[in-house]
Amino acid sequence: MATAILLVVLLGSVLASAYVLAIHLQRVFAGTPGRALHWLRPVERAIYRALRVDPAHDMGWAQYARAVLAFSLVSTLALYALQRLQGSLPLNPASLAGVRPDLAFNTAISFVTNTNWQSYSPELTMSYLTQMLGLAVQNFASAAVGMAVAVALVRGFCRSESRGIGNFWADLVRGTLYVLLPLALVVAVVLMARGVVQTFAGPAHAKTLSGATQTIARGPFAGQEAIKELGTNGGGSFNANSAHPYENPTPFTNLLELFSLLLIPFAMPFLFGRMLGRMREGIAILAAMLLLLGTAYGISLASETRTTPALTAAGLVHAPNMEGKEQRFSIQEAAIFSDSTTATSTGAVNAMHDSFTAIGGAVPMTLILLGEVAPGGVGTGLYSILLFATLTVFIAGLMVGRTPEFLGKSIGAREVKLATLGVLVMPVGFLVTVGLSSVLHDGLAGPLNAGPHGFSEILYAFASTWNNNGSAFAGLTAATNYYDYLLGAAMVLGRFLVILPALGLAGTLAAQRTRPASSGSMPTASPIFVGLLIGVILLVGALSFFPALALGPLTEALSGRLW
Amino acid sequence: MTATTTSLLDPAIARAALLDSVRKLDPRALLRNPVILSVWVVSVLVSGQLAVDIGQGHAVAFEAQIAIWLWLTVLFANFAEALAEGRGKAQAESLRKTRTATVARFLGAGDVEEPRPAPDLRAGDRVVCEAGDVIPADGEIVAGIASVDESAVTGESAPVIRESGGDRSGVTGGTRVLSDGIVVRVTANPGETFLDRMIALVEGAERQRTPNEIALSILLAGMSLIFLVVCAALVPMAQLAGAGITLAVLAALFVSLIPTTIGALLSAIGIAGMNRLVRRNVLATSGRAVEAAGDVSVLLLDKTGTITLGNRQAARFLPVPGVSDRELAEAAQLSSLPDETPEGRSIVVLAKELFDLRGRDLSASSARFIAFSAETRMSGVDLDGHELRKGAGDAVRTFVTERGGKIPAELGALVEGVARAGSTPLVVCRDARVLGVVELKDVVKDGIRARFEQMRQAGIRTVMITGDNPLTAAAIAAEAGVDDYLAEATPEAKLALIRKEQEGGQLVAMTGDGTNDAPALAQADVGVAMNAGTSAAKEAGNMVDLDSNPTKLLDIVEIGKQLLITRGALTTFSIANDLAKYFAIIPAIFLTAYPQLSALNILDLHSPHSAILSAIIFNAVVIIALVPLALRGVAYRPSSAANLLRRNVVIYGLGGVLVPFIGIKLIDLLITALGA
């Protein structure tokens, strides 16, 4: 009952706020952010002047894509340099040394691609300056890039015979300035008030009851925590992430963090409907996302609240599976968090997924492997699910006796090529890297456990990076040259080989003349289309990953052991 | 080419197709089909491994069976294509029969006639054809008029009139002149005539893939690629799990996962769609045109011949005050008795129906028939000293006024009332006295209204094109149930309308026959030229209707839609099939390493070997099972997209998920019983 109330409160507040936020988003990306934020206009203009860009210039898709890539490249280099040099830079009270090259490379990519995979313990590795000027900035920027690409793709659907899909710099600045910053500010203040740490002082030193000395890491982290969730980033300031009491002290902050990480992803389908002027289309996409997420919640809750076979064998018949979970959160809160964070490409954790039951651990992994579409990351979720929807329209659309059409745009060879590329690059890359790591010595050195569970650890790492989720299964020693570079490559390719087709699709759709809808066009705002879309997402996922999952979590689950 | 209905499995065609499917094992023939080509590659690999294993004396019974079924998969795919091509060839053969070697009467310089074999004629040559001659090539009549028997091409035995200068000046090679004589200018070189192009298309030799087929091929290639990676990645994963996978098992998994069903049937579906069109006596210049027909959202339909019967018919007698119905009917009937036009006949019929007025034999009396002429715009008869006339309102007024008669005040209202109802008023007078008006009604074709309703449900707007005035046009449009009309249409107005619709994102289809229709036919997305039309019209359009029946535009749209639906349904079916195959094969592969995976063997298949074999056999057999559907096309009735989607998703989507579960289980039972 408590779980039901929690879910109703969470999803109810998320959907209501997302609906309102979408109104704001539409204005922001149209360049008219509204009176309340009008005072920020000079800042916006100053940034354009500094960047020497004309926000009114309408970019073609190739130019837009070049801007995205250039911005991301510069961000990566800057973040790499900052990490390497942090030892000789200020705001380093713990006197942490420069980060070693493979790890700096991996981390730079990780934050620029909105993955926030962490092969390190932040409190022992990153100075305050690196955390604030490097990681936190990218938490904003990478989320804004995701939103920009999503908005550009939606423009492709909205426009007719247009060469342009918007201006990347304007989208980037507006998304950061008018959406992410104000939201993060509000959330950070509330988090601080509820006990999330925010200080520039170095680590605290305490004497324990037994007389030993304990060093307690802390830092300016409430602000980071806010954008970590809002931007579906997930990179924690502490190794324990949102399981750490300084990041997520109470059930209330837990709820707020859940709310924050679901908010913008669920606002995107509303924005889609608004920009099209056909809210039903947005609702259909939203319905697909909700159904997938809801099903995941159901399975996770059912699996995690059961006593595990190992505990039963030990005679603890009624003991819940509390391993890897925090005492201050319930099992249900952990299960819901694990699904929400993986379904949104956030990757924050408030419990260790490695210690979940086999099915409880398989659900988050599946949510990641479905391509981060339910609802996915900030912006990334929408453009990814629209790629799936394009394929769905193509496969099923023929069955209405017309060349397939999606929102008045005909889906021909070029559109299919782009959507197929965008949808398949992740499964192909994932399988290749997992395959490699299952034979190479360096790959096999990673997993802590043997057998199917060890294999699950490898699976999870690549699933997480290819899909820019960033959550870890734990158990895998990833801070090695092999994994740092390979996972880094996975993050880059998994991000930009989806962004490029999405922008290409935006370009070709915008250039097309929109055909008016009639009763002869395939309805895409109908329950049957929602069902088909879910079917295609599940089928692509199932067909690509079934063998891998069968050898990992499925075998584990069927063998009736915890690990 | 008469409307031949080749049965689906004509033994002769099937035999030829069997041979062809072996011939198509040449990988070069498979280059256009990446899915089947990859099956071919896998078959070669497995066969090679098999040979090695036999050489080393291993037990190969299972491996050999896999190899056999892999090759059968390729053969079945080839057979499907060969069968469709074979049926096309059979049609092409009957097309070719129309071109018997004729010797043309070539008109040389100075109009000197000389014999020349038909194949030697070039475009621009002139030939003479008189009664009994076979027209040697496609062409246009430059002089003369003739009745022509076109049954060799259309299957319609009634002769048609073809004459120079009008919109009925086109003649087709292979047809026969029955009477009179004409001079024909040849318009196509040998091998480039419509028939030649059509033969090439139905045979499949020159078939270019349509845009939609290309898009689908990209998707299928993408899916094949991902399954290639899935299977390749399985090797190290399985090794990690301590389970070895043989090449044969991996090949079986790969082939049953890639979309072989649709890959095998794709080209057969396209060829069969084209053949269905040919069977309706419509020639398309490309497969692309057939697809475009399915996409059409606006139909421009000529009123006469499409919406209404060509001839107007008398519907009512409307006398002016002081004249009885019967008196008017009698005068109208008398004036029409010698009139052989359909309108005239219909007046006689109506008079008989209403007043039982029998026709009289006028030949004995001193009757003199006045035929209709464009100048007088009246016809009638002079009988027993009276002048009976019927004709256009103003013509009769002039006639009456000249004879000192008075025009009744009520006539104007009567004439206008008839025109407003969409009919043509015919004023009747006897000498200087106006008797009344005969209403000639355009008769809307039976059932056309219902068809337009169906089109509307399918999201297609119908626009009636007519030279009538807006009043008349509006009335007929309302009666026929079209969505819109273009009155007082000129070729320019028609072209402008097409452009406007296309600007709005619509795809437009139309029919036309005259030279002045050519620009519009070229502009339209689907332009169907009438075979009787001018060669300019035929060149401009992308289809030709041999029967010159404009109503067929509706059929063409349906055939286009059926083609696309068939392709989509089989794609969906093919992809949905994969689920069951996974459940059959994956547990079988890893059962030795992880016995707990037997829980996934939900089909309770007998053994790993029988499970894998069943999957690959089902995969091959389903191709053959679906050949009839691919060739015939799925059942299609015009309906809204939402309805079609619901229906087809249930049949081919859900069906595609369930059927292989049943099929694989049955095959497993069968091969277990056979002791394989």
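The values are calculated or read from the model by the stated rules, or taken from the named source; none is laboratory data. Just so we're clear, the structure is a prediction, and the values are computed from it rather than from any experiment. No Cβ is skipped: glycine too gets one built from the backbone with ideal geometry, and neighbour counts run over all protein chains shown.
Restricting the search to region B:561-578, which residues are closer than 11 Å to residue B:658 by Cα and either more than 7 Å from chain A (Cβ to nearest Cβ) or without any contact (Cβ under 8 Å) to a residue 24 or more places away in the chain (or both)?
Going through region B:561-578, the residues closer than 11 Å to residue B:658 by Cα turn out to be B:573, B:576-578.
Across region B:561-578, the qualifying residues are B:573, B:576, B:577.
Of the residues that sit in region A:260-315 and are in contact (Cβ under 8 Å) with a residue 60 or more places away in the chain and of a type in the set (Lys, Arg), which one is surrounded by the most Cβ atoms within 10 Å (Cβ to Cβ)? Selected residue: A:274. Filter region B:105-155 down to the residues that are free of Cβ contacts under 8 Å to residues at least 24 places away in the same chain and touching a Lys or Arg at 6+ places or on another chain (Cβ under 7 Å), then identify the one that is surrounded by the fewest Cβ atoms within 10 Å (Cβ to Cβ). Taking the candidates together, the pick is B:115. Across region A:176-217, the number of residues qualifying as among the polar types (S, T, N, Q), farther than 30 Å from residue A:28 by Cβ and not in a loop (DSSP other than H, G, I, E, B) comes to 3.
In region B:492-512, the residues that are more than 17 Å from residue A:515 (Cα to Cα) reach residues that are in a loop (DSSP other than H, G, I, E, B) with C-beta atoms within less than 8 angstrom, at least six apart or across chains, in these pairs: B:510/B:524; B:511/B:550; B:512/B:533; B:512/B:541.
Residues considered: A:347, A:429. Of these, the only one that is within 22 Å of the chain's Cα centre (by Cα) and at positive phi is A:347. Going through (1) away from every other protein chain (no Cβ under 11 Å); (2) touching a Phe, Trp or Tyr at 6+ places or on another chain (Cβ under 6 Å); (3) under 19 Å from residue B:656 (Cα atoms) one by one, residue B:628 falls short only on (2). Looking at the structure I just gave you, is residue B:467 in a loop (DSSP other than H, G, I, E, B), under 29 Å from residue A:523 (Cα atoms) and either over 20 Å from the mean Cα position of the chain (by Cα) or in contact (Cβ under 8 Å) with a residue 24 or more places away in the chain (or both)? When the stated conditions are applied, residue B:467 does not pass them. Pairs meeting the criteria (first residue in region A:421-433 and within 7 Å of another protein chain (Cβ to nearest Cβ) and surrounded by 24 or more Cβ atoms within 10 Å (Cβ to Cβ), second residue among the basic types (Lys, Arg) and part of a helix (DSSP H, G or I), beta carbons under 8 Å, at least 6 apart or on different chains) are lacking.
The number of residues in region B:83-98 that are at pLDDT 75 or above and surrounded by fewer than 17 Cβ atoms within 10 Å (Cβ to Cβ) comes to 1. Restricting region A:548-560 to residues that are crowded, with 22+ Cβ neighbours inside 10 Å and among the hydrophobic types (A, V, I, L, M, F, W, C) leaves a set whose member that is farthest from the other protein chains (Cβ to nearest Cβ) is A:549.
Only one of the numbered conditions (1) in contact (Cβ under 8 Å) with a residue 40 or more places away in the chain; (2) farther than 17 Å from residue B:550 by Cα; (3) among the aliphatic types (A, V, I, L, M) is violated by residue B:432, and that is (1). With respect to (1) farther than 30 Å from residue A:517 by Cβ; (2) surrounded by fewer than 23 Cβ atoms within 10 Å (Cβ to Cβ); (3) within 11 Å of chain A (Cβ to nearest Cβ), the lone exception for residue B:662 is condition (3).
Scanning region B:617-656 for residues that are buried (at least 18 other Cβ atoms within 10 Å of the Cβ) and β-branched (Val, Ile, Thr) turns up B:617, B:622, B:623, B:627, B:634, B:649.
Evaluation of residue A:495 against the conditions (1) away from chain B (no Cβ under 13 Å); (2) over 30 Å from residue A:59 (Cα atoms); (3) assigned to a helix (DSSP H, G or I) shows that the sole unmet condition is (2). More than 8 Å from chain B (Cβ to nearest Cβ) and free of Cβ contacts under 8 Å to residues at least 24 places away in the same chain: does that describe residue A:412? The answer is no for residue A:412. Count of region A:385-407 residues, restricted to those that are more than 13 Å from residue A:536 (Cβ to Cβ) and at the interface with another protein chain (Cβ under 7 Å from one of its Cβ atoms), is 6.
Annotation: residue B:527 fulfils all but one of (1) surrounded by 20 or more Cβ atoms within 10 Å (Cβ to Cβ); (2) within 19 Å of residue B:468 (Cα to Cα); the unmet one is (2). Could you tell me whether region B:39-60 includes any residue that is among the small types (Gly, Ala, Ser) and either closer than 30 Å to residue B:278 by Cα or at pLDDT below 90 (or both)? For region B:39-60, residues among the small types (Gly, Ala, Ser) and either closer than 30 Å to residue B:278 by Cα or at pLDDT below 90 (or both): present. Among the residues of region B:594-621, those identified as closer than 15 Å to residue A:547 by Cβ and within 8 Å of chain A (Cβ to nearest Cβ) are B:594, B:597, B:600.
Among all positions in region A:348-365, there is at least one residue which is away from every other protein chain (no Cβ under 14 Å), part of a strand (DSSP E or B), crowded, with 24+ Cβ neighbours inside 10 Å and in contact (Cβ under 8 Å) with a residue 40 or more places away in the chain. Just so you know, in region A:504-538 the residues that are part of a helix (DSSP H, G or I) and facing another protein chain (nearest Cβ under 7 Å) include one that is farthest from residue A:435 (Cα to Cα), and it is A:528. Inspection of region A:434-457 finds a residue satisfying the criterion of being under 21 Å from the mean Cα position of the chain (by Cα), touching a residue at least 24 places away in the same chain (Cβ under 8 Å), within 14 Å of another protein chain (Cβ to nearest Cβ) and farther than 30 Å from residue A:395 by Cβ. When region B:192-215 is limited to residues that are within 14 Å of residue B:92 (Cα to Cα) and β-branched (Val, Ile, Thr), the one that is modelled with the lowest pLDDT turns out to be B:202.
Could you please let me know if residue A:90 is in a loop (DSSP other than H, G, I, E, B) and in contact (Cβ under 8 Å) with a residue 60 or more places away in the chain? So residue A:90 fails the test. (1) within 25 Å of the chain's Cα centre (by Cα); (2) farther than 22 Å from residue A:116 by Cβ; (3) more than 9 Å from every other protein chain (Cβ to nearest Cβ): which one isn't true of residue A:545, the others all being true? For residue A:545, the failing item is (3). In region B:576-586 there is at least one residue matching the filter, namely being under 23 Å from residue B:223 (Cα atoms) and polar (S, T, N, Q).
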